[in-house]
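To keep things clear, I will list the structure first and then write my remarks on it.
Any read-out appearing in this document is the output of simple, stated calculations on the displayed coordinates, not a laboratory observation. Not measured: the values here are computed from a predicted model. All Cβ positions, glycine included, derive from the backbone under ideal geometry; neighbour counts span all protein chains shown.
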Amino acid sequence: MSRLSLLEMESVFAIKVRTGELSPPGQELARRRLRADIAQGRVSVGSPIEERHYQSARKLLARYGVELALRTLDSLQLALALDLHESRQISVIVAADQRLCRVAEACGCSTINPADPGVLLP
């Protein structure tokens, strides 16, 4: 998980509370579970963003910004994830963002969308 993904998770939790899908206590529980997953090594937080990631993100936007509607922060997250994928630190990207998944797959990285009811996560 990138550091940017940690911010994205806070945004997701807030959206879920605003839409009534999650209560404020549920939001805090989700935060605690995420922190526990990180602390116990079930989820790892990746390296800091480097200049090469920004360059890669720019190239991704130039290639997929029009065709697949890739957005700025998604391009940066994807640049980091693809770097981890290329170095064999991850084998799949987990994201509920269909746009991000389509671009990741176009770049040769498998994806899992946890919002897809047909997906079983270990």
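Under 10 Å, Cα contacts only: if you run a Gaussian network model on the chain, which one of 98, 40, 55 comes out with the highest mean-square fluctuation? Of 98, 40, 55, the Gaussian network model singles out 40 as fluctuating most.
Positive end of the dipole of segment 51-112 (Cβ unit charges, origin at the Cα centre): among 95, 79, 112, the Cα lying farthest that way belongs to 79. Each of 72, 19 was scored by other Cβ atoms within 10 Å of its Cβ. Arranged with the fewest first, they read 19, 72. Taking label points 7 Å from Cα along the Cα-to-Cβ direction, residue 91 and residue 38 give a separation of 2.6 nm. GNM remark for the chain: springs join alpha carbons under 10 Å apart, and the peak mean-square fluctuation among 23, 91, 75 falls on 23. Taking amide H positions as modeled 1.01 Å from N, with prolines and chain starts lacking one, the residues under 5 Å from residue 112 and 5 or more places away or on another chain are 93, 94, 95. Modelled spin labels at residue 62 and residue 15, positioned 7 Å past Cα toward Cβ, are 2.9 nm from each other.
The charge dipole of segment 51-112, taken about the Cα centre with unit charges on the Cβ atoms of Lys, Arg (+1) and Asp, Glu (-1), comes to about 120 debye, rounded to the nearest 20. Taken about its Cα centre, the chain carries a charge dipole of roughly 160 debye when the Cβ of each Lys and Arg holds +1 and the Cβ of each Asp and Glu holds -1.
I'm spelling it out carefully: the read-out is Cα extents along the principal axes in Å, the candidates are [x] 57, 40, 25; [y] 59, 31, 22; [z] 41, 30, 28, and one was derived from this structure. Which label? So the calculated entry is the one marked [z].
Sorting 50, 8 from the fewest to the most surrounding beta carbons within 10 angstrom yields 50, 8. Site pair residue 115 and residue 54 shows an inter-label distance of 3.0 nm when each label is modelled 7 Å from Cα along Cα→Cβ. Sorted ascending by nearby beta carbons within 10 Å, beginning with the fewest, 9, 1 become 9, 1.
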